[in-house]
Amino acid sequence: MGWLFIFIAVGAILIGWTYAILILLSGRFLAQRKHHLFCLIMAGVSCAVNVPIGTVLGVFTLIVLLRPSVKELFQANY
């Protein structure tokens, strides 16, 4: 029974680390204006995972990323 708790904890830690790495990558991609779809997906995931701060940041990120002028900035880097 103890091993079950260990596996669940290790799984939760790995999911948390993966999420943190993906958020860091998303921030880097936003700064470089690359991978528009990835940034949109991570903004949506942030809305669901980090309530309430992540929800606010995710919604505002989605609003900004969906502007046509911002899409053009991302497309200019390809």
Inset, instruction - Starting from the coordinates of the alpha-carbon atoms of segment 6-47, obtain the Kirkwood hydrodynamic radius over all distinct pairs and give the value in Å to one decimal. - result: 11.0 Å
Legend entry - In the chain, the trypsin sites (Lys or Arg not before Pro) that fall in loop regions by DSSP, at most 12 other Cβ within 10 Å: none
Inset, instruction - On a C-alpha basis, how far is the centre of segment 8-31 from the centre of segment 58-78 in Å? Whole number, if you could? - result: 22 Å
Legend entry - Calculated from backbone phi, Karplus (6.51, -1.76, 1.60) coupling profile of segment 45-56 in Hz, x at Gly/Pro: 5, 4, 4, 8, 8, 9, 8, x, 5, x, 5, 5
Inset, instruction - Could you run the Karplus curve 6.51 cos²θ - 1.76 cosθ + 1.60 with θ = phi - 60° over segment 3-8 and give me ³J(HN,Hα) per residue in whole Hz, x for Gly and Pro? - result: 5, 4, 5, 5, 5, 5
Legend entry - Inter-label distance for Tyr19 and Ala48, nm, one decimal - labels placed 7 Å from Cα along Cα-to-Cβ: 1.1 nm
Legend entry - For the chain: Kirkwood Rh in Å [reciprocal of mean 1/r, alpha carbons]: 13.8 Å
Legend entry - For segment 35-76, convex hull of alpha carbons as volume per residue, Å³: 46 Å³
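Readers should treat all values here as calculations from the given coordinates under stated rules, not as data from a laboratory. Source: prediction; values computed, not measured. Using ideal geometry, Cβ is built from the backbone for each residue, glycine included, and neighbour counts are taken over all protein chains shown.
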